[in-house]
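The values are calculated or read from the model by the stated rules, or taken from the named source; none is laboratory data. On a predicted model such as this, the values are computed, not experimentally measured, just so you know. Using ideal geometry, Cβ is built from the backbone for each residue, glycine included, and neighbour counts are taken over all protein chains shown. Side chains are part of the model used for accessible areas, which takes the heavy atoms of the whole protein and leaves out ligands, DNA and RNA. Shrake-Rupley method; radii C 1.70, N 1.55, O 1.52, S 1.80 Å.
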Amino acid sequence: MKRLTKKQMRIFAVGQLGWSTLSGIISAWFVTFYLPTQADISENGAIQYITPGLVIGGFLTVLGLITALSRVFDAVTDPWIASMSDRSTNKRGRRIPFMQYAAIPLSVVTVLLFCAPVNMISGWNIAWISVFIVLFYLFMTMYCTPYNALISEFGKTQDDRMYISTAISLTFFAGTMLAYTPFVFAGFLRGSVGFAWSYRICFIVLAVISCICMLIPTFCLNEKEFVDTKPSNVNMLKSLGATFKNKSFRTFVGSDIMYWVGLTLFQTGLPFFVKVSMNISEAFTMYFLGGMTVLSACFYPFVSKMVKKFGKKKLVIAGFLGLALAYVIAALIGILGTAEHGNSSIPGMIFGILICVIAAFPMALLGIIPQSIVADVAEADGIETGENREGMFFAARTFAMKFGQSLAMLVFTSLAIIGTTQNTNSNDITASVTGMTIVGWVAVAFCVLGAVILSFYNEKKIMATIDKKNK
């Protein structure tokens, strides 16, 4: 079978630019749009479409409940789609057809999710959001699970896998940054079209771009020219069970959950570290995030070379510990104080710059290598069992990511408000310096635990299995 050229690998990575943009829109704007702050309502004309505040048991919003239930559905569809893809006998391949069918519906649903039909608090809006968030996760899974499985199947060698992993990590960052562009452009549109449509217009433009990006690899790459694998004959439950019977994979997933908890605590908490702990303008969140992303990308060319010298396991552990160090700095803000708070000579800006500089290299390691590790484990398992279940391995990794993100959101909202009196009728989270300090130390603990768990991963056995096949 043919190997992908570097150009074809970059074409493949364009697909990730598309879906990561749509995913970023939901991550960045779903809560902001449907749970507007009092400032957005009074100053910018934001509309409340659903009942605000912590009205479900006194600790959960209506939107939080909808999101939690949709995640339960999402957890079921991950292995379901993975199993269908692994077992597919489509003449065009096991993965590309799923991606092609999902791209347009995913793009359309992303926009419709922000088009609640009633311009006031209404049960119809709750029903609308509930339906379209479920459809969003369904089509996202339908595209992403087969897409990720191709990392293993297109990556014929370790060099190929590292190149693909690096390329898709770059496009993931680019897509995430694209999703934040409404911060800039919505403001220009707001005066003429209002709060809601200023964002909807931005989402429509981004959805069109994303759809084109997702379709490019499905039309430009012929899966059958590069992949010759026998479809799996194992049903979903047996395939999922067999996947988690793999000890190496269980170890990796355990550490991966810790990574996603720690990372999400940082991403969710960054605006609060900036605003509450550093006591500087929330606008610096974008500057810090953008600077860290650009600096991290500068390290990408060196990661593949370092993998050849040190191996993947050691570098991922180093990434965990480096990220933990960045969180230590974040936690120390509340202990040392800042010049802005008047109890230290250290400006809050210095803390922010230190965090971004320290986190950049670990983010490069953790953004590239884990995908390649999953591909290694999937290939080694296929060699040992004779079953080609790449889709299920990546679906299980996706589930770990979603579980870690959901757990982090629960942890953050519980810890950040320690030391404050939270207004249950408001959408605004009232964070405290004490709460954010605790969030920082908890993030450190999760990263260190991730490093400890990964230390039990048997990389030598996995690579020996792969090397034996290739000899």
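The table for this structure:
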{"quantity": "Contact order relative to length of the chain, as percent, for alpha carbon pairs under 8 angstrom and 6 or more apart", "calculated": "25 percent"}
{"quantity": "Trypsin sites (Lys or Arg not before Pro) lying in DSSP loop within the stretch 1-43, provided at most 14 other Cβ fall within 10 Å", "calculated": "K2, R3"}
{"quantity": "Most to least packed among 227-237, 321-331 [average Cβ atoms within 10 Å]", "calculated": "321-331, 227-237"}
{"quantity": "Whole-number accessible area per residue in Å² for the chain, which is evaluated in the context of all protein chains at 1.4 Å", "calculated": "42 Å²"}
{"quantity": "Contact order relative to length of the stretch 41-174, as percent, for alpha carbon pairs under 8 angstrom and 6 or more apart", "calculated": "29 percent"}
{"quantity": "Cβ crowding within 10 Å averaged over residues, with 39-47, 130-138 ranked highest first", "calculated": "130-138, 39-47"}
{"quantity": "Convex hull volume of the chain per residue (C-alpha atoms, cubic angstrom)", "calculated": "140 Å³"}
{"quantity": "Accessible-area composition of the chain, carbon plus sulfur, in percent [1.4 Å probe]", "calculated": "68 percent"}
{"quantity": "Cβ crowding within 10 Å averaged over residues, with 122-129, 139-146 ranked highest first", "calculated": "139-146, 122-129"}
{"quantity": "Cα-based helix-to-principal-axis angle, 348-385 vs the chain, degrees rounded to 10", "calculated": "30 degrees"}
